[in-house]
Amino acid sequence: MTFKFYDDGKLVIVDNDTGNTMSPRELSGGSYDFYVRQRIRLIKRDLAEKIIKYA
């Protein structure tokens, strides 16, 4: 699977075998774990940027 995360929060998940796009709800196992970890990382980075900007 290919995950494309965008700065505006948009996400595109492509199944490499079929070329079809998927939603996060369709993920399981390691793919879901990767998705969750990446989302948390992006949220933390966004919060840190906002704290610096508005502090």
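Residues in segment 1-23 that are of a type outside the set (Asp, Glu), open to solvent by 80 Å² or more (accessible area, probe 1.4 Å) and either assigned to a loop (DSSP other than H, G, I, E, B) or modelled with pLDDT under 90 (or both): Met1, Tyr6, Lys10, Asn16, Thr18, Asn20. Considering only residues in segment 1-25 that are β-branched (Val, Ile, Thr) and in contact with a strand residue (DSSP E or B) (Cβ under 9 Å, 6 or more places away or on another chain), the one that is nearest to Lys50 (Cα to Cα) turns out to be Val12. Cβ-Cβ contacts under 9 Å between residues 6 or more apart (or on different chains), taken from a first residue in segment 24-44 that is more than 14 Å from Val14 (Cβ to Cβ) and open to solvent by 100 Å² or more (accessible area, probe 1.4 Å) to a second residue that is modelled with pLDDT of 95 or more and of a type in the set (Ser, Thr, Tyr), are absent.
The values are calculated or read from the model by the stated rules, or taken from the named source; none is laboratory data. Just so it is clear, the structure is predicted and the values come from calculations on it, not from any experiment. In this analysis, Cβ positions are derived from the backbone assuming ideal geometry, glycine residues included, and neighbour counts consider all displayed protein chains. For accessibility, only protein heavy atoms count, side chains too; no ligands or nucleic acids. Shrake-Rupley method; radii C 1.70, N 1.55, O 1.52, S 1.80 Å.
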